[in-house]
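Have a look at the structure below before the remarks.
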Amino acid sequence: MKKLTMKDIGILANVSQSTVSRVISGHPNVKEEVRQKVLKCINDTNFMPDINARIMRGESSKILGFLSTGFDNPYYLEMVKFVEKQARDKGYTVIVMNSEKDEKIERQHLKELITRKIDGLIIAPVSVKNLKLAKDSQIPFVVLNEKVTWADSFYTSLFNAGVEVAKFFKEKGYSKVGYIGEINSDKLKGFLSEINKEKIINLEKSNLLFTIEKGFKKKIKFVVEKLDKDCEAFFMSSDEIALAVIKETRKFNINLYEKEIVGFDNTLVADTLEISSVEQPMEQMVEIAVEVLLKKIKKEIPMEKIFNIELEPKLIIRPK
């Protein structure tokens with residue numbers, strides 16, 4: 001069977017080929033009655049536009065690339081959901097790639113996405129230095145979950161999140177608390193800036209710190225061996241880490257459910273474990289980022305204008 005073309009759809013809908021093209025590309029200068037007639041013909045015939053031909057004509061591919069840090073953490077799976085929905089609502093499809101917390105894989109995926117003639121990139125990065133590759137490609141891109149001063153970036157105030165958790169522990173009247181997780185994090189900096197203001201309730205030995213990288217869960221066993229059992233509460237730098245620590249402590253006959261646990265990201269994991277967790281305004285973050293990206297793709301905002309937008313976290317408290 002002969003593959004249908006836009007010219008064929010135009011004949012069926014009794015409109016010009018250029019009108020079909022404008023409908024497919026979402027151009028606003030098409031009467032709604034005509035648009036619906038063309039869309040009906042497209043749906044009735046299962047017509048699929050030739051993306052390569054569209055690109056060769058200098059038209060938009062209507063494709064975005066999304067490169068994620070990794071999918072071990074459910075937070076990034078939820079991010080994919082919001083990115084795809086926002087893009088779909090705006091008439092775009094999304095190619096999703098997973099960097100598996102690996103800098104080399106991230107760089108390889110970036111090169112692959114750039115060669116796919118995508119209109120724009122959304123990146124939750126493993127390595128900020130890989131973003132230079134995206135910048136050099138001159139493809140519009142935005143960064144999620146990371147502050148990058150020289151690129152459009154949208155992120156949560158991790159420092160304020162740490163402060164909020166510290167205040168929560170003090171309000172609960174705990175006399176000794178700890179932190180378990182990422183060493184180079186503003187969450188930790190915020191937590192430490194607040195926790196001992198009135199009196200010392202957090203000691204250096206109570207904080208178990210490590211780097212977050214591919215295979216980091218293998219470190220959890222050695223972390224748990226140093227756990228300060230006298231702590232009444234722990235701030236975990238992610239729900240993913242909270243789950244790993246809880247599982248590992250069971251092997252040592254330690255029941256962390258006797259203590260207050262606060263995770264980070266407020267994913268399904270936190271809900272399942274029934275622990276408190278810091279929630280990032282992910283849907284809002286993605287919505288703003290995609291809006292800026294599409295405006296840059298359409299040249300409504302100059303590429304030189306940089307947006308660094310910080311959003312506020314929210315502590316979701318679940319009864320102990």
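The values are calculated or read from the model by the stated rules, or taken from the named source; none is laboratory data. Values in this document were obtained by computation on a predicted structure and should not be read as measured data. Please note: Cβ atoms are built from the backbone with ideal geometry, for glycine as well, and neighbour counts cover all protein chains shown. Each accessible area value is taken on the protein alone, full model and side chains, heavy atoms only, with ligands, DNA and RNA left out. Shrake-Rupley method; radii C 1.70, N 1.55, O 1.52, S 1.80 Å.
Evaluate the distance, in nm, between pseudo-label points positioned 7 Å from the Cα of residue 93 and of residue 107 along their respective Cα→Cβ axes.
About 3.1 nm, to one decimal.
Just to be sure I understand the model, the point goes 7 Å from the Cα along the line to the Cβ. What's the resulting residue 222 to residue 272 distance in nm?
2.8
Note the full-extension length gain between residue 213 and residue 14 as 0.36 nm times their separation in residues minus their Cα-Cα distance, in nm to one decimal.
Extra length from residue 213 to residue 14 when fully extended: 65.9 nm.
Expressed as an acute angle from 0 to 90° and rounded to the nearest 10, what is the orientation of the C-alpha long axis of helix 239-250 relative to the principal long axis of the chain?
Rounded to the nearest ten degrees, it is 40.
Probe radius 1.4 Å, ligands and nucleic acids left out: which of 99, 175 has the largest accessible area, and how do the rest follow?
Putting 99, 175 in descending order of accessible area: 175, 99.
Of the heavy-atom accessible surface of the chain (probe 1.4 angstrom), what whole percent is carbon and sulfur?
51
On a C-alpha basis, how far is the centre of the range 263-320 from the centre of the range 101-160 in Å? Whole number, if you could?
Taking the Cα centre of the range 101-160 as reference, the centre of the range 263-320 is 16 Å away.
With a 1.4 Å probe and all protein chains kept in place, how do 41, 231 rank by accessible area, largest first?
41, 231
For a quick size check, give me the Cα extents of the chain along its three principal axes, largest first, whole Å.
Dimensions of the chain along the principal axes of its Cα atoms: 77, 38, 33 Å.
Gaussian network model of the chain, Cα springs within a sub-10 Å range: biggest mean-square fluctuation belongs to which of 75, 92, 257?
Answer for the Gaussian network model of the chain: 257.
Among 191, 154, 307, which one shows the biggest mean-square fluctuation in a GNM of the chain, springs joining Cα atoms closer than 10 Å?
Highest fluctuation among the options: 307.
Which of the pairs 219/251; 170/219; 187/314; 104/295; 176/229; 172/217 have their Cα atoms more than 21 Å apart in this structure?
170/219; 104/295; 172/217
If the label point is 7 Å along Cα→Cβ of residue 136, which residues in the range 277-318 have backbone nitrogen under 14 Å from it?
Counting only backbone N, you get no residues.
Given the peptides 18-25, 61-68, 203-210, arrange them by the average over their residues of other C-beta atoms within 10 Å, most packed first.
61-68, 18-25, 203-210
Please work out whether the range 72-131 counts as rounded, prolate or oblate from its C-alpha gyration tensor, where a ≥ b ≥ c are the square roots of the eigenvalues and a/c under 1.5 means rounded, while otherwise a/b larger than b/c means prolate and anything else oblate?
oblate
For the range 162-283, what is the charge dipole size about the Cα centre, in debye to the nearest 20, if Lys and Arg each add +1 at the Cβ and Asp and Glu each add -1 at the Cβ?
620
What full-extension length gain, to one decimal in nm, is calculated for residue 303 and residue 255 as 0.36 nm per residue of separation minus the Cα-Cα distance?
The span from residue 303 to residue 255 would gain 12.0 nm if fully extended.
For residue 311, enumerate residues with amide H under 5 Å from its amide H, sequence gap 5+ or separate chain, H modeled in the peptide plane.
Placed amide hydrogens put 155, 156, 157 under 5 Å from residue 311.
Could you run the Karplus curve 6.51 cos²θ - 1.76 cosθ + 1.60 with θ = phi - 60° over the range 286-295 and give me ³J(HN,Hα) per residue in whole Hz, x for Gly and Pro?
Working through the residues one at a time gives 5, 4, 5, 5, 5, 4, 5, 4, 5, 5 Hz.
Once you have the alpha carbon radius of gyration of the range 175-263, what is it after dividing by 2.2 N^0.38 Å, with N set to its residue count?
Rg over 2.2 N^0.38 Å, computed on Cα atoms: 1.02.
Pull up all non-local amide H partners of residue 260: gap of 5 or more, or a different chain, and H-to-H distance under 5 Å with H placed in the peptide plane.
233, 234
Per 5 Å bin from zero, what fraction in whole % of the C-alpha pairs of the range 1-143 is there, up to the bin with the longest pair?
2, 9, 17, 17, 15, 12, 10, 9, 6, 2, 0
Amide H of residue 180: which non-local residues (sequence gap of 5 or more, or other chain) have their own amide H closer than 5 Å, using H built in the peptide plane?
Long-range HN contacts for residue 180: 208, 235, 236, 237.
What distance in nm separates the two pseudo spin-label positions at residue 203 and residue 127, each 7 Å out from Cα along the beta-carbon direction?
A separation of 4.0 nm, rounded to one decimal place.
On a 1.4 Å probe surface of the protein chains, which of 182, 258 comes out largest in accessible area, and what is the full order?
If we order 182, 258 from most to least accessible, we get 258, 182.
Can you grab the distance from the C-alpha centre of the range 67-98 to the C-alpha centre of the range 181-254, Å, no decimals?
Rounded to whole Å, the Cα centres lie 29 Å apart.
Taking springs between alpha-carbon atoms closer than 10 angstrom, which of 72, 239, 136 fluctuates most in the Gaussian network model of the chain?
136
Relative to the first principal axis of the alpha-carbon coordinates of the chain, what is the inclination of helix 186-195, with its axis defined by its Cα atoms, in degrees from 0 to 90 and to the nearest 10?
40
Output the Cα-based Rg and Dmax of the range 229-292 in Å, rounding Rg to one decimal and Dmax to a whole number.
Looking at the range 229-292, its Cα Rg and Dmax stand at 14.5, 50 Å.
Just from its helices, what would the mean residue ellipticity at 222 nm be for the chain, if runs of 4 or more DSSP H residues each count -39500 (n - 2.57) and the sum is divided by every residue, rounded to the nearest 500 deg cm²/dmol?
Helices in the chain give a 222 nm mean residue ellipticity of -12500 deg cm²/dmol.
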